[in-house]
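Throughout, read-outs are computed from the coordinates displayed, never taken from laboratory work. Note that this is a predicted model, so its numbers are computed, not measured. When we count neighbours, we look across all protein chains shown, and the Cβ atoms used for this are built from the backbone with ideal geometry, even at glycine.
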Amino acid sequence: GESVGLHLPTLSVQEGDNSIINCAYSNSASDYFIWYKQESGKGPQFIIDIRSNMDKRQGQRVTVLLNKTVKHLSLQIAATQPGDSAVYFCAETSGTYKYIFGTGTRLKVLA
Amino acid sequence: DTEVTQTPKHLVMGMTNKKSLKCEQHMGHRAMYWYKQKAKKPPELMFVYSYEKLSINESVPSRFSPECPNSSLLNLHLHALQPEDSALYLCASSQGGGETGYTFGSGTRLTVV
């Protein structure tokens with residue numbers, strides 16, 4: 001079957017350092033990808049998206065990279081702050097209403 | 001208004017109770033969704049409504065019954081739930097399918113006793 005992401009890992013990063021969160025996907029037909037941030041007790045919050053005709057997209061302190069050859073997605077967070085502590089999910093779709101979510105990565109920012 | 005509002009935020013119900021979860025958005029989004037999320041797991045799709053019609057049911061047990069009274073409202077009616085149905089229930093909306101992304105509500109934390 002289709003699957004996105006890895007078993008839930010935890011990434012611990014020192015405050016001020018850069019963070020890289022990775023996600024693997026298996027559906028080669030997926031053409032749109034999103035990164036969500038979920039803080040404790042809240043719903044997922046949109047961070048950044050990328051379409052399959054791009055390989056890089058930048059936002060404010062965040063960058064998403066897409067490597068379609070190896071079906072890999074990454075989220076880079078620059079100058080990680082305590083407020084970045086959360087679980088991060090990647091999600092993919094092949095143009096339908098249904099998104100497939102990865103298993104998530106917990107980011108812990110160390111002071 | 002750029003929010004999806006879910007009520008109640010917390011709900012405790014017995015296995016013989018009937019309760020409803022409510023979701024509201026005023027962004028003009030034409031698709032609305034129910035997701036279930038267990039602790040430390042990703043959200044799992046339950047239902048999709050598109051233009052107020054049920055378009056996807058991910059083989060959800062009939063003890064969960066969705067309803068879309070109008071384009072701004074989405075309900076999830078609960079009856080005869082099991083303790084394993086305890087989870088965070090998330091509502092989301094989007095302008096359409098495909099490349100539009102979701103806006104999620106904060107969820108209803110449901111505990112079945």
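Label 7 Å along Cα→Cβ of A:Ser28; segment A:84-106 residues with amide nitrogen under 18 Å? Flagged as within label range: A:93-95. Residues within the reach of a label modelled at A:Gln45 (point 7 angstrom out along Cα to beta-carbon, backbone nitrogen below 15 Å), restricted to segment B:75-113, are B:103-107. Shape of chain A from the C-alpha gyration tensor: prolate (a/c of 1.5 or more and a/b above b/c, with a ≥ b ≥ c the square roots of its eigenvalues). Given +1 at the Cβ of Lys and Arg, -1 at the Cβ of Asp and Glu and no other charges, the dipole of the protein assembly as shown around its Cα centre is 320 debye to the nearest 20. Expressed per residue, the C-alpha convex hull volume of the protein assembly as shown stands at 124 Å³.
Extension gain for B:His10 to B:Ala39 (0.36 nm times residue separation, less C-alpha to C-alpha distance): 8.9 nm. Is there a pair in B:Lys19/B:Lys40; A:Lys98/B:Lys18; A:Lys42/B:Lys22; A:Lys37/B:Lys38; B:Lys18/B:Lys41 whose C-alpha atoms are over 23 Å apart, and which pairs would that be? The pairs that break the limit, which is 23 Å between Cα atoms, are B:Lys19/B:Lys40; A:Lys98/B:Lys18; B:Lys18/B:Lys41.
Each of A:Lys37, B:Lys53, B:Lys19 was scored by other Cβ atoms within 10 Å of its Cβ. Listed from fewest to most, they are B:Lys53, B:Lys19, A:Lys37. Does chain B come out rounded, prolate or oblate, given a ≥ b ≥ c as the square roots of the eigenvalues of its C-alpha gyration tensor, rounded meaning a/c under 1.5 and, failing that, prolate meaning a/b above b/c? Prolate is the answer for chain B, as a/c is 1.5 or above and a/b outweighs b/c. A cysteine counts as unpartnered when no other cysteine's C-beta lies under 4.7 Å of its own; in chain B this applies to B:Cys68. A Förster distance of 22 Å, applied to the separation of the beta-carbon atoms of A:Lys71 and A:Thr10, puts the FRET efficiency at 0.45.
If you add up the charges near A:Thr10, with Lys and Arg at +1 and Asp and Glu at -1, over every other residue whose beta carbon is less than 14 angstrom from its beta carbon, what do you get? Result for the local shell: +2.
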